[in-house]
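The values are calculated or read from the model by the stated rules, or taken from the named source; none is laboratory data. Because the structure is a prediction, the values reported are computed rather than measured. Quick reminder, even Gly has a Cβ in these numbers, built from the backbone with ideal geometry, and neighbours come from all protein chains shown. Each accessible area value is taken on the protein alone, full model and side chains, heavy atoms only, with ligands, DNA and RNA left out. Shrake-Rupley method; radii C 1.70, N 1.55, O 1.52, S 1.80 Å.
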Amino acid sequence: MTAILGAGISGLAAGHYLLRKTPTLPLTIYEATDRIGGWIRSERSPDHGYVFEAGPRTIRPKGPAASNTLELIEELGLTDQVYSISSNHTAARNRMIYAKGKLNLLPNSLGGVLKTVPPFTRPLYFAAFHDLLAGRSKTALTDESMYSFVERRFGKEIADYAVSSMLCGICAGDAKQISVKFLMKDLFEREQRHGGVIVGLLKEALQNRKKKQPQSVKKPATQMARLADRAKAENWSIYSIRGGLQTLPETLATDLQAKGASIVTGTKFEELTFDGDRVVLRVDGKEQLLQHLVSSIPSYKLAKHVQKQHPQLASTLSSIPFVDVCVINLRYRRGDLLQQDGFGFLVPPIENLPILGVIFDSCCFDMDDNTVLTVMMGGAWFEQWFGKNPSDEHLLGVALEHIKKILHIEQQPDSYKVNLLRKCIPQYTVGHQDRVKAIRAYVEQHRLPLSLCGASYDGVGVNDVILSARKNVETIQQ
């Protein structure tokens, strides 16, 4: 038998790909909480026409990982439930930063790059000149922080306002700690090879032109590639699933159970022992002998269970830090409260505010005649702003104070939900890729019948964790 730890989206996806590979495989998924879906959690209010999302709410449609998710959505029969937002939609075009005491609309066209747009004091194209003049790094680097790299190559303003705020939205992280390889690995490696990002891009473009490119044969679209083709043709910016993103893990779970997999929630994971080429798993007082174990749970949780047998592995697993985030959903029974429609705004850390940003949910999706907002707070700075155990009342008060200050919404929400998500997002700090390589090398060298997938290792987005599941279970020898 094979077992999977964790019934979040990565664990469920791992089950999907395992059964696609070996349909008769006896499979059990163990989940410690009383629900499936992990951090994807949609609270639906169909009578009032809105959805509160405690975690992710949208998915990006571009890139190989994104195409893989769209393929999965097709396999699950959810194509008709996809709710897409095109690149010319207001929510895609209007993204803002709160800086220097006001909301600033970010450039969404070439014209915006050519002129000075607040909070920046120079046109953004100056960043390219900064890179050309910066020269090679003084010493060869294998990694550095995102902030350090961007400040060196493109200037302090880009690091402070663009990149730092972007990381607040993606992983609630501090750009001065997060590895440049998290989002800019290709740019960083070009700089190290060629002495600059722009120079590297130009050199590689010339090299590619000189190479004879073989004539590509256009392959006919397969059934499972049609949604990705449609996303490209319709120029999607982001998308979600009707009824909330939780529809995706719910459908995955139903499909797995229909194929014979067992999903057990509310379980107590007590002990894990590796015995030769087998795994002994004790759950709810019962021992299970497994051929293989897939762990999609956070690295720090797995570390506790391998500490006794494999302390070196446990130490590396524990070295991946996580942050707490408070997500507060607000709903007002008026649809005209926002002065500027858009996706929302982010707050760069240099502003020294407790909120990371606000998403304008009702601008992205049809929420009837409601204004629905999501306030994100804390992250890498959670304890600094809120201490160890803030009350829901205090967290809500801070959120409403800043909604009033920044969006000028004076009235109280008609409904709300405070979600305090403890250790919810791993932080890919400098050296993360080396840590993950060391973890997987240890597993391979000790021939442990263990596969690792999920946000702790291969990316924190929905697309990333689904692809992580696929790649890491497809190599399992059954």
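Report whether or not Ala91 is in contact with a helix residue (DSSP H, G or I) (Cβ under 7 Å, 6 or more places away or on another chain), open to solvent by less than 20 Å² (accessible area, probe 1.4 Å) and modelled with pLDDT under 95. Quick ask: steps written out before the conclusion?
On the way: in contact with a helix residue (DSSP H, G or I) (Cβ under 7 Å, 6 or more places away or on another chain): yes; open to solvent by less than 20 Å² (accessible area, probe 1.4 Å): yes; modelled with pLDDT under 95: yes.
Here the answer is yes, as Ala91 does meet what is asked.
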TODO: Restricting attention to the range 21-54, report how many residues are open to solvent by 40 Å² or more (accessible area, probe 1.4 Å), modelled with pLDDT under 95 and not in a loop (DSSP other than H, G, I, E, B).
DONE: 2
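In contact with a Pro (Cβ under 8 Å, 6 or more places away or on another chain) and at positive phi: is that true of Gly63 in this structure? Please lay out each step first, then the result.
Working: in contact with a Pro (Cβ under 8 Å, 6 or more places away or on another chain): no; at positive phi: yes.
So Gly63 fails the test.
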Open item on the list: For the range 362-386, give me each residue that is in a helix (DSSP H, G or I) and open to solvent by less than 10 Å² (accessible area, probe 1.4 Å).
Closed with: Cys364, Phe382
Open item on the list: Quick check on my filter: what residues within the range 42-56 are within 18 Å of the chain's Cα centre (by Cα) and under 12 Å from Thr247 (Cβ atoms)?
Closed with: Ser42, Glu53
Task: Counted residues, the range 120-135 - those being surrounded by 13 or more Cβ atoms within 10 Å (Cβ to Cβ) and assigned to a loop (DSSP other than H, G, I, E, B) - done: 4
TODO: Please enumerate the residues belonging to the range 340-353 that are within 21 Å of the chain's Cα centre (by Cα) and either assigned to a strand (DSSP E or B) or surrounded by fewer than 24 Cβ atoms within 10 Å (Cβ to Cβ) (or both).
DONE: Gly342, Gly344, Phe345, Leu346, Pro349
- [ ] Scan the range 256-292 residue by residue and report those that are over 20 Å from Cys453 (Cβ atoms), modelled with pLDDT of 95 or more and assigned to a loop (DSSP other than H, G, I, E, B).
- [x] Gly260, Gly266
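Residue-wise test of (1) surrounded by 13 or more Cβ atoms within 10 Å (Cβ to Cβ); (2) modelled with pLDDT under 80; (3) under 24 Å from Ser67 (Cα atoms).
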site	(1), (2), (3)
Lys185	yes, no, yes
Val197	yes, no, no
Lys211	no, yes, no
Gln215	no, yes, yes
Trp236	yes, no, yes
Ser240	yes, no, yes
Gly244	yes, no, yes
Pro249	yes, no, yes
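Given the structure, is Lys138 at pLDDT 95 or above, more than 25 Å from the chain's Cα centre (by Cα) and surrounded by fewer than 21 Cβ atoms within 10 Å (Cβ to Cβ)?
Details: at pLDDT 95 or above: no; more than 25 Å from the chain's Cα centre (by Cα): yes; surrounded by fewer than 21 Cβ atoms within 10 Å (Cβ to Cβ): yes.
Criteria not met by Lys138.
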Task: Those residues of the range 314-327 which are over 19 Å from Tyr428 (Cβ atoms) and either assigned to a helix (DSSP H, G or I) or aliphatic (A, V, I, L, M) (or both), in sequence order - done: Ala314, Val327
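Against the definition (touching a Gly at 6+ places or on another chain (Cβ under 6 Å), open to solvent by less than 20 Å² (accessible area, probe 1.4 Å), modelled with pLDDT of 85 or more and in a helix (DSSP H, G or I)), how does Leu167 come out, yes or no?
Values: touching a Gly at 6+ places or on another chain (Cβ under 6 Å): yes; open to solvent by less than 20 Å² (accessible area, probe 1.4 Å): yes; modelled with pLDDT of 85 or more: yes; in a helix (DSSP H, G or I): yes.
So Leu167 passes the test.
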Task: Only listed residue being charged (D, E, K, R) and under 16 Å from the mean Cα position of the chain (by Cα), chosen from Asp186, Asp174, Asp160 - done: Asp174
- [ ] Among the residues of the range 302-321, count how many are within 24 Å of the chain's Cα centre (by Cα) and surrounded by fewer than 18 Cβ atoms within 10 Å (Cβ to Cβ).
- [x] 3
- [ ] Considering only the range 393-434, state which residues are over 15 Å from Leu317 (Cα atoms), in a loop (DSSP other than H, G, I, E, B) and either of a type in the set (Gly, Ala, Ser) or open to solvent by less than 30 Å² (accessible area, probe 1.4 Å) (or both).
- [x] Ile409, Pro413
Open item on the list: Let me confirm something: among Lys388, Lys404, which residue is out of contact with any Gly (no Cβ under 9 Å at 6 or more places or on another chain), basic (Lys, Arg) and over 25 Å from Pro298 (Cβ atoms)?
Closed with: Lys404
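Condition check: assigned to a loop (DSSP other than H, G, I, E, B), at pLDDT 95 or above, buried (at least 19 other Cβ atoms within 10 Å of the Cβ) and of a type in the set (Val, Ile, Thr). Does Val460 satisfy that? Break it down into steps so the answer makes sense when it comes.
Numbers: assigned to a loop (DSSP other than H, G, I, E, B): yes; at pLDDT 95 or above: yes; buried (at least 19 other Cβ atoms within 10 Å of the Cβ): yes; of a type in the set (Val, Ile, Thr): yes.
Against the criterion (assigned to a loop (DSSP other than H, G, I, E, B), at pLDDT 95 or above, buried (at least 19 other Cβ atoms within 10 Å of the Cβ) and of a type in the set (Val, Ile, Thr)), Val460 qualifies.
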Task: Positions within the range 293-310 being assigned to a loop (DSSP other than H, G, I, E, B) and either in contact (Cβ under 8 Å) with a residue 12 or more places away in the chain or small (Gly, Ala, Ser) (or both), in sequence order - done: Ser296, Ile297, Pro298, Gln309, His310
